[in-house]
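Reading through the structure tokens given below for one structure.
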Amino acid sequence: MKIIALEKDLPGVSDSRFTDEILKEEAARGWQLHQSGVIRELYFRADRNAAVLMLECASVDEARAVLSTLPLVKQKLIDFDVIPLVAYPGFARLFQDP
């Protein structure tokens, strides 16, 4: 199942808590998940500093479990909105008999 994860800020978290060390750990964990095929694509939004991840997981629960292994999530510096996706069904209309 394709799942999109949109990073969201948590209230009361100051920028000073995002140290070089934890950001390096985050990048390393992201790399591991990408290499394992769980993170299929990883972006930052162009309009603000927030990650957008495309995940391949069996369920939303699995996606949440995977995201919980990220150091920034573990340290409660960020969280994610997790959105399951399905293929667009509208194309079938093009091939239906009237």
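Structure summary
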| item | result |
| --- | --- |
| Which listed residue is touching a Phe, Trp or Tyr at 6+ places or on another chain (Cβ under 9 Å), within 30 Å of Y88 (Cβ to Cβ) and among the β-branched types (V, I, T), from V52, V38 | V52 |
| Test for Q75: is it modelled with pLDDT of 95 or more and farther than 23 Å from M1 by Cα | yes |
| Some residue of region 64-76 being part of a loop (DSSP other than H, G, I, E, B) and touching an Asp or Glu at 6+ places or on another chain (Cβ under 7 Å) | yes |
| Residues (of a type in the set (K, R), surrounded by 10 or more Cβ atoms within 10 Å (Cβ to Cβ) and at negative phi) located in region 59-98 | R64, K74 |
| Of all residues making up region 1-58, the number that are in a helix (DSSP H, G or I), buried (at least 16 other Cβ atoms within 10 Å of the Cβ) and either in contact with an Asp or Glu (Cβ under 8 Å, 6 or more places away or on another chain) or basic (K, R) (or both) | 1 |
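The values are calculated or read from the model by the stated rules, or taken from the named source; none is laboratory data. Here the structure is a predicted model, which means the values were calculated and not measured. Cβ: placed from backbone, ideal geometry, glycine included. Neighbour counts: every protein chain shown.
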